[in-house]
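**Student:** I have a structure here, written as C-alpha cells, and I will follow up with some questions on it.
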Amino acid sequence: MALHLHHIGVKVDNIQQTSRLLCSTGGFEAEPTAYYPEVGMQIGFINLSNTLVELLQPMDQNCPIANVENGLHHLAFEVDNLEAFHIDISQTPSFCTVQPIKEGRHGRIFFFQMKAMPGLWYECMEKTKTDDGTGSHSYR
C-alpha cells in the first residue's frame, strides 16, 4: 500500500506569531486558523512551496499535546484504504501504539507510533477524491 506524505505537524506556543514569521520571511501562504474545542487546539496550515506544515497550538490543559515540547509532532500520510492500512499496522509488531480511526479536520484519520521512534507520531489520512479526480485533500 502506497503512502504519500501530506503534511508535517509542528507544535508551537503562538500560532499567529509563527505563521506571520513564516509568511513574511519566506513568502509562504497561510490559511486562516481555527479553534477545535474537541481537542483544545488552534490549528492552521502554511503552504511551504508544495509542502504543507500544520501548526498546532494547545489552548487548554485538555489538549492531548499540551505537555509536549514545541517542534516536530507528526508526519501525516495519505492512503487509499484507511481501514486496510489500520488493520495491517495493528497486526504488525513494529508499531507500539495504533489509535482508533476517527473524524479529523478534513476526513477520517488515525495516529500511530513505531517502536523504533517512540517520540514521533504519524498520522494516517484517508485519501478523498477531489473534483479533478486527483484524490488528495485540499486546504483552500
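Nothing in this text is a laboratory measurement; each read-out follows from the coordinates by a stated rule. The shown structure was predicted, so the numbers you read here are calculated from the model rather than taken from an experiment. Methodologically, a virtual Cβ is constructed for each residue, glycine included, from the backbone with ideal geometry; neighbour enumeration extends over all protein chains shown.
**Student:** Under 16 Å Cα to Cα from Lys115, which aspartates and glutamates show up? Leave out anything in the same chain fewer than 8 places away.
**Tutor:** Excluding near neighbours in sequence, the set is Asp88, Glu123.
**Student:** Let me ask you something else. If I fit a long axis through the Cα atoms of helix 15-26 and take the longest principal axis of the Cα atoms of the chain, what angle between them do I get, 0 to 90°, rounded to 10?
**Tutor:** 80
**Student:** Give the order of Glu126, Glu31, Glu103 when sorted by the count of other beta carbons within 10 angstrom, beginning with the fewest.
**Tutor:** Glu103, Glu31, Glu126
**Student:** For Ala84 and Asp13, calculate 0.36 nm times their separation in residues minus their Cα-Cα distance, and state this gained length in nm to one decimal.
**Tutor:** 22.0 nm
**Student:** On the first, second and third principal axes, largest extent first, how far apart are the outermost C-alpha atoms of the chain in Å?
**Tutor:** Extents along the principal axes, in whole Å: 44, 40, 27.
**Student:** Could you run the Debye sum over the Cα atoms of the stretch 43-97, one equal point scatterer each and no solvent, and tell me log10 of I(q)/I(0) at q = 0.13, 0.14, 0.29 Å⁻¹, two decimals?
**Tutor:** Each listed q maps to, in turn, -0.54, -0.62, -1.08.
**Student:** For a quick check, take a GNM of the chain with Cα springs below 10 Å and name the residue from Met125, Met117, Met59 with the largest mean-square fluctuation.
**Tutor:** Met117
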